[in-house]
Amino acid sequence: QQQQQQQQTSSEDKPTVAAAPRSRAELRSLWRKAIREQITLLKMDKQNQKLLGSSSNNNTIQANSCQRLSPAPPPSTTAARPSSGLGGGISPDCGLDSANGIKLNYKPVRWSKEAPQQWDRILKQDPTKKVPFTEVARLVRLGVPMKRRGEIWMFLMNQYQLRYGTSFQPVDSDFRGDANQTYRGLLSQLSTQQHEIFVDIGRTFPSHPYYSQYLSIGQLSLFNLLKAYSLLDRQVGYCQGLSFVAGILLLHVDSEDEAFELMRHLMFNFGLRKQYLPSMDALHLQLYQMTRLLRDHEFQIFDHFDKHDISPSLYAAPWFLTLFASQFPLGFVARLLDLIYLIGIEAIFRVSLTLLAYHRSSIIDCASLEFIMDFMRDGLTKIDDQNLVKIFNDALALDLRNKLIEYEIEYSFYCAEDMARAQSGNQNPNQHHHHHHHHHHHHRGAG
């Protein structure tokens, strides 16, 4: 932050860069840009879908798997730790099955020495007893031992339900149906999206041993879970990206039923489902919020991206849609989920911000669009163990709630204003163009 302060004072119009209220025109152009890019993204996605649809045999599907959401996982994903520590060493009292050796095949973010016994103490308590939030947060901060992660997510979900009630009240008015149906009941129905799901499971974590075998237990569980969810939530149905979320949950719990409860909790109680709705409104908003966060918290990165016309929709859409799983090692994604089960979706924004901040100087050193995009694809995941811990601890210390609300209000204001303009029919075809230029000119002016 000090660096940031200096950077601002040295620029021509002094600290006002961050302090002054944004000009309406500038914010609107940020907003328009977010929308424009999102539309391009969707077009790319549609073309990908066509490509995939036309290739009938399974191998080709793997080869041109939807590039946007599922680049081949970095090699670090598959690097298992010595199996003695995982496969054989699981104490039977965890109630974990033998598949667990291959399931927990990832290198976790390190937890502190005292984490295991502290979690042990709290997990032994009466599950109907509310634990103070500060205490739960302190434990999550200490870190989560990998073998108990699923159990800890269930505990965090249970704590949420003790605080806010158990029935699933979707946070959105668009949901029609009963959010409380049972997993087994859903499984017995037929889904119209079975084929789509079936095609996608082979592309989810293709190098993870639990999912790599065609029609293995892992693939079948994944199919069941996604099918059940698509029947529970017909507005979302099955959406690309969801297979990653489901896949990670299944690795950490004993049964599909538990994974289903964890998934329903994420989607409904935390509102993750909104970003998968066909309208993509929630995703637009999230990407706008991301832009604004960078502008207010990481101005140097924002400015650098802006000069090269890079918006969050170019890199952050898959972060939201797959919880980083399409690009980052499993250990990173699992740790992010620890935070999500603690504080909700805001965790994705916090981690995105601390991750980019950690890489600030490397990003600013990239001199062209190509270099930046290469770095965003390959360089972002290169983080040593100590800094990995730090990125998540920094995220736990951030509080973005009010900022995110402020940006949401701003965004809905522009949406409403745009709707009104469209209805009154006085749309000037040059308007977009003008705003775009004004926006750039403004930044050049600001140094």
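The values are calculated or read from the model by the stated rules, or taken from the named source; none is laboratory data. Every value quoted in this text rests on a predicted model; they were computed, and no experiment measured them. Virtual Cβ from ideal backbone geometry, glycine too; neighbours counted across all protein chains shown.
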Query raised in the report: Quick one: is V333 within 30 Å of L162 (Cβ to Cβ), in contact with a Leu (Cβ under 6 Å, 6 or more places away or on another chain) and either in a helix (DSSP H, G or I) or not assigned by TED's automatic domain parsing to the domain that holds M267 (or both)?
Result: yes
**Prompt:** Does L220 qualify as being crowded, with 16+ Cβ neighbours inside 10 Å, aliphatic (A, V, I, L, M) and at pLDDT 90 or above?
**Reply:** no
Across (1) closer than 18 Å to Y106 by Cα; (2) within 19 Å of the chain's Cα centre (by Cα); (3) in a helix (DSSP H, G or I), I348 clears everything bar (1)
Considering residues that are surrounded by 14 or more Cβ atoms within 10 Å (Cβ to Cβ) and either of a type in the set (S, T, N, Q) or modelled with pLDDT of 95 or more (or both), the number found within the range 419-447 is 0
Across the range 351-376, the tally of residues that are part of a helix (DSSP H, G or I) and in contact (Cβ under 8 Å) with a residue 12 or more places away in the chain stands at 17
Counted residues in the range 270-288 being polar (S, T, N, Q) and either outside any helix (DSSP H, G or I) or surrounded by fewer than 23 Cβ atoms within 10 Å (Cβ to Cβ) (or both) come to 1
So Q194, is it more than 23 Å from L277 (Cβ to Cβ), without any contact (Cβ under 8 Å) to a residue 40 or more places away in the chain and of a type outside the set (V, I, T): no
Considering residues that are under 21 Å from the mean Cα position of the chain (by Cα) and surrounded by fewer than 17 Cβ atoms within 10 Å (Cβ to Cβ), the number found within the range 407-418 is 1
Report task. Would you confirm whether any residue within the range 306-316 is touching a residue at least 12 places away in the same chain (Cβ under 8 Å), within 18 Å of I340 (Cβ to Cβ), touching a helix residue (DSSP H, G or I) at 6+ places or on another chain (Cβ under 6 Å) and surrounded by 21 or more Cβ atoms within 10 Å (Cβ to Cβ)? Result -> yes
Among helices (runs of 4 or more DSSP H) entirely within the range 95-152, at least 1 residues that are closer than 17 Å to L336 by Cα, under 21 Å from the mean Cα position of the chain (by Cα) and modelled with pLDDT under 95 occur in none
I301: in a helix (DSSP H, G or I), within 21 Å of L232 (Cβ to Cβ) and of a type in the set (V, I, T), yes or no?
no
Result of the Cβ filter at 9 Å on the range 319-331, keeping first residues that are farther than 15 Å from G379 by Cα and partners that are among the charged types (D, E, K, R) and in a loop (DSSP other than H, G, I, E, B), at least 6 apart or interchain, is L330/K107; G331/K107
